[in-house]
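Taking it in order: structure first as structure tokens, then the write-up.
The values are calculated or read from the model by the stated rules, or taken from the named source; none is laboratory data. As the structure is a computational prediction, the values presented were derived from the model and not from experiment. Neighbour counts are summed over all protein chains in view; Cβ atoms, including those assigned to glycine, are modelled from backbone coordinates with ideal geometry. Surface accessibility is based on the protein's heavy atoms, side chains included, excluding ligands, DNA and RNA. Shrake-Rupley method; radii C 1.70, N 1.55, O 1.52, S 1.80 Å.
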Amino acid sequence: MGTAFRNMLSSFFLVFLLSPLVLSASNDGMFRVGLKKKKLDQVNRFTTQYGSKAEELVRMRLTRYGLANDLASYDDADIVPLKNYLDAQYFGEIGIGTPPQKFTVIFDTGSSNLWVPSSKCYFSIACLLHSKYNARRSSSYTKNGKKAEIHYGTGAISGYFSKDHVTLGDLVVENQDFIEATREPSLTFVAAKFDGILGLGFQEISVGKAVPVWYNMVNQGLVKEPVFSFWLNRNADEEEGGEIVFGGVDPDHYIGKHTWAPVSQKGYWQFDMDDVLVDGETTGFCADGCSAIADSGTSLLAGPMAVVAQINHAIGAAGVVSVECKTVVTQYGKQILELLLSESQPKKVCSKIGLCTFDGKRDVSMGIESVVDVKVDKSSGGIHDSMCTACEMAVVWMQNQLKQNETEERILDYANQLCERLPSPMGESAVDCSRLSTMPSVSFTIAGKTFDLGPEEYILKVGEGAAAQCISGFIALDVPPPRGPLWILGDVFMGRYHTVFDYGNLRVGFAEAA
């Protein structure tokens, strides 16, 4: 993959926000945010300016079981129009203070704090390039001063808490705690078109245990029902990018009924997932259960490397060759197969051949700093090396092939091919655009229903004609137990499926988007 294309991809997946949007008037407590499109030449201007350094940005980046009729009606909700940056990020405008100071923010279901740059941010280039909150200009400001720091997948911000009114359209959330960022050291925030982030996750993951904006919208009676929903427009030819509806759902933007999954763990909008399938065939990875989160702040679909490698193999994506992976298959492949055939517990195979440390319950897996901020319990064995990671992936692949009654030779050959398809360190994998019509579907089974994604939905196309480049919408992200294995269903998934976040009943709903 050429340097120019890699740079273009990096900026493609930025958490970019663009020009200010026009907010529609609220309708009886229902509020929307709209989306608009930007041309690719804006990406090229960025890559020309920043070059290969942009690569670090590629990874930047929730109980009744009735239907929509037990939610608020469309007329009783507030709708915030969103803007869309190349199907990669969706954002809208808010105000903070009295009179409101305008900011463009990512509406992120994968975090829970609101932060914007502070007028006291003097030494970060990112602050110089974005709107800054000035407490002296607000008659409703209340001092807090408690220090705060947030780490994302790429980049971090730090500053202190303040309290002020937050305006979303005609709604005014009073006395909202938020972070004034005084340091934004990452290139992520220098290049981004957004000023800050408005988190829509649960208070359990809120830095400083600050009450999220959404909680206060509910507590202050600003919405009729404790529900918000996302429609993300994936049609690149349309200017409208989509909307968030606070307080209900818009029936014009989904087809049929929503399938509901209970929130399994508060923090992220996390739920249980039954299976991941490629062309209708199980990948075998969720046999012992998988979890997923619906995350509007992630552009792509992130999942365990073992499964992403299988998907990349099936769609013909070209990744980097992993020496460790091929070494494990060559040196230990037959031994792994023998242990699996002897009905040895799959989770103990890698420790039995000496590549992993077993803590009595599971192999100790490498901790990967990610959007979910997972930490490894070092007392249970510490962090293991890449050979253990490769072994664990090989076990998953071989176990699945054994279930299909494949021969030893075919299984080892298949594992070697998957080693070739491992994603690059930055996660992106290229595919041949001419092969889209022959690529398989990739499906996720949630609450007993299968949600399909076709190649036109999980492949992102950059450019037109002969110059077009295509990349896989799947990136690898290994989250160890107890939080993982975890799938992050980002905008690629939420663009195909209208998503409802039902805070009152602690469930997430998916229906085909219209």
Proximal charge balance of Ala261 [Cβ under 9 Å; K/R count +1, D/E count -1]: 0
Given backbone amide H placed at 1.01 Å from N, residues whose amide H is under 5 Å from that of Gln176, ignoring those fewer than 5 places away on the same chain, are Asp164, His165, Val166
Tell me the trypsin sites (Lys or Arg not before Pro) within segment 225-284 that lie in a loop according to DSSP and have at most 16 other beta-carbon atoms within 10 Å. Lys266
Need one value: the accessible area of Leu436 in square angstrom, 1.4 angstrom probe, rounded to the nearest 10. 40
With 0.36 nm assigned to each residue of separation and the Cα-Cα distance removed, Lys120 to Lys266 gains 49.2 nm
Ala135 neighbourhood, Cβ < 13 Å, K/R = +1, D/E = -1, net charge +4
Segment 394-443 and segment 252-285 have their Cα centres apart by a whole-number Å value of 22
Going by a ≥ b ≥ c, the root eigenvalues of the Cα gyration tensor, does segment 99-150 fall in the rounded group (a/c under 1.5), the prolate group (a/b larger than b/c) or the oblate group? rounded
Arrange the residues Met494, Met387 by how much accessible surface each exposes, largest first, with a 1.4 angstrom probe. Met387, Met494
Listed residue pairs exceeding 26 Å between alpha carbons, taken from Lys209/Lys257; Lys102/Lys147; Lys326/Lys403; Lys146/Lys224; Lys266/Lys348; Lys120/Lys266: Lys209/Lys257; Lys146/Lys224; Lys266/Lys348; Lys120/Lys266
Accessible surface ranking that places the most exposed of Leu506, Leu422 first, with a 1.4 angstrom probe: Leu506, Leu422
Quote the FRET efficiency, to the nearest 0.05, computed for Thr357 versus Ala156 with a Förster distance R0 of 35 Å and r equal to the Cβ-Cβ distance. 0.70
